Amino acid sequence: MAKQMKEAPAVPPELLSWMCEIRQSIHHNPELSFNEYDTADYVRSKLKEIGISRQWKVTETGVVAEIGDPGSSSVVGLRADMDALPVKEETGLPFASKHTGIMHACGHDGHVAMLLGAAFLLQGMSFPGRVRLLFQPAEEKGNGAESMIAGGAIDNLAAIFGGHIDTHYETGSITVDEGIICAFADAFIVTINGSAGHAARPHECKDAIVAAAGLILSLQSLVSREVNPNHAVVVSVGRIRAGEIHNVIAGEAVLEGTIRSTHQDSRTAVISGLKRMVRSCAECYGVQVDLQFPEFLPAVINDSVGTQVARQAAEKVVSSGNVISQGPSSLGGEDFSFYLQKTKGCLVRFGARISDTAGPAHSSTFDFDEAVLGIGASWYAQVAETFLCGCGDR
Ligand SMILES: [Zn+2]
Ligand SMILES: [Zn+2]
């Protein structure tokens, strides 16, 4: 358990209030993935307010800005995600969402505020090279990072760093881990086609619901029987659609699920087992079965150089006793992984526990301790400076 941070806040109180105001304003006006138009405008205006004019648009709603020597070829990236979730807010906060059914329930409002705070700090610091700020859309949808990459946002970057607010940990702690910290996430859709008919005459039909039920039960043995028990894997079916009425046998069933894994060989084993079970389901129930993988998120794998720099920066901000490990990889996905497939870097977690009454991330009562904004801003500024100052050694 990390020690509660007792020292003075990491940033001047005026800067913390400025960031809290930003966080609350964004929280009040949340926008879903790829619809972050107001948020992007707001970010641009705040950057301008603190004198950062080198900024440009990437994709419809992404914002990129740069600070430092424009002629330098050493560039380090800092990323914040900006999107909200389709969740109906129930926090009762005075700055709660004004859009029913949309909520910043993952802390991305805080990420934007802390990266703007870091921009302010960096404006007053001297460092070699350039710092590129990436305000990214659509993390929750899983393809915002790819759109930023396609738009050139990480061209010429030597490394990229990011952080995520995490209320599992006390405010004042930062988790830094080398290697895998977020899982591979493979979404899948199984479509079963049989033939519909009267519920009283099953012998005239091919019941897609019975085939779906059989397949779902078979899938439960993938994790228990086919992967190394030391490797964390999850196979979850989160949605089933089939049938219209009690007295008609359903001719079609659609299952949607996700596979989360933390080792490539377990991922391969589960995917090949799923394909085998789908084939045998068709044979077993006399139906046609189609399997698609509509989305894939690679695992977030922090490299050794990025992790070392992230750790040094964290130690400067919260002291070494408060730099902790998250332990085994999360089974959650994070599209920061796409950046780390292209360049060096590290994703950390900022402790921000607020109270036992606030719900977890993605819940309608999610909230975090705003003191984390100062810690995050300091870490972002520090990690950029630490990386650029050490560039010659790498
Ligand atoms: Zn999220
Ligand atoms: Zn998130």
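The values are calculated or read from the model by the stated rules, or taken from the named source; none is laboratory data. Worth saying up front: this structure is predicted, and the values here are computed from it rather than measured. Here Cβ is always computed from backbone atoms with ideal geometry, including for glycine, and neighbour counts include all displayed protein chains. Protein only, heavy atoms only, side chains kept; ligands, DNA and RNA dropped before computing areas. Shrake-Rupley method; radii C 1.70, N 1.55, O 1.52, S 1.80 Å.
Yes/no matrix, rows are residues, columns are (1) in contact with a His (Cβ under 9 Å, 6 or more places away or on another chain); (2) in the same structural domain as residue 320 (by TED's automatic domain parsing):
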| site | (1), (2) |
| --- | --- |
| 105 | yes, yes |
| 111 | yes, yes |
| 132 | no, yes |
| 138 | no, yes |
| 155 | no, yes |
| 172 | no, yes |
| 193 | no, no |
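So is residue 256 out of contact with any Gly (no Cβ under 7 Å at 6 or more places or on another chain), surrounded by 14 or more Cβ atoms within 10 Å (Cβ to Cβ) and acidic (Asp, Glu) or not? Answer is no for this residue. Checked against the criterion of being within 16 Å of ligand 1 (Cβ to nearest atom) and either modelled with pLDDT under 95 or among the aliphatic types (A, V, I, L, M) (or both), the candidates 80, 150, 158, 113 yield just one match: 80. The single residue among 361, 352, 371 that is touching a Cys at 6+ places or on another chain (Cβ under 6 Å) and either open to solvent by 10 Å² or more (accessible area, probe 1.4 Å) or within 16 Å of ligand 2 (Cβ to nearest atom) (or both) turns out to be 361.
Considering only region 350-364, I want to know if a residue exists there that is in contact with an Asp or Glu (Cβ under 7 Å, 6 or more places away or on another chain), within 16 Å of ligand 1 (Cβ to nearest atom) and hydroxyl-bearing (Ser, Thr, Tyr). Yes; the residues of region 350-364 include at least one that is in contact with an Asp or Glu (Cβ under 7 Å, 6 or more places away or on another chain), within 16 Å of ligand 1 (Cβ to nearest atom) and hydroxyl-bearing (Ser, Thr, Tyr). Out of 335, 367, one residue alone is within 16 Å of ligand 1 (Cβ to nearest atom) and touching a Ser or Thr at 6+ places or on another chain (Cβ under 7 Å). It is 367. So in region 87-121, with the set limited to residues that are of a type outside the set (A, V, I, L, M) and within 14 Å of ligand 2 (Cβ to nearest atom), which one is farthest from residue 143 (Cα to Cα)? The residue in question is 110.
It is to be established whether one or more residues within region 199-217 are away from ligand 1 (no atom under 16 Å from the Cβ), under 17 Å from the mean Cα position of the chain (by Cα) and in contact (Cβ under 8 Å) with a residue 24 or more places away in the chain. No. Only residues that are in contact with a strand residue (DSSP E or B) (Cβ under 9 Å, 6 or more places away or on another chain) and either within 15 Å of residue 136 (Cβ to Cβ) or not β-branched (Val, Ile, Thr) (or both) were counted across region 42-55, and they come to 7.
In region 99-116, the residues that are on the phi > 0 side of the Ramachandran plot and open to solvent by less than 10 Å² (accessible area, probe 1.4 Å) form Cβ pairs under 7 Å with partners that are in a loop (DSSP other than H, G, I, E, B) and away from ligand 1 (no atom under 12 Å from the Cβ), at six or more places apart or across chains, as follows: 107/368. If only residues of region 317-361 that are in a strand (DSSP E or B) and touching a helix residue (DSSP H, G or I) at 6+ places or on another chain (Cβ under 9 Å) are counted, the one that is farthest from residue 260 (Cα to Cα) is 323.
Is one or more of the residues making up region 221-232 surrounded by fewer than 23 Cβ atoms within 10 Å (Cβ to Cβ), closer than 30 Å to residue 356 by Cα and not assigned by TED's automatic domain parsing to the domain that holds residue 304? Yes, the conditions are met somewhere in region 221-232.
Right, residue 57: in the same structural domain as residue 115 (by TED's automatic domain parsing), within 24 Å of residue 121 (Cα to Cα) and open to solvent by 80 Å² or more (accessible area, probe 1.4 Å) or not?
Judged against the criteria, residue 57 is a match.
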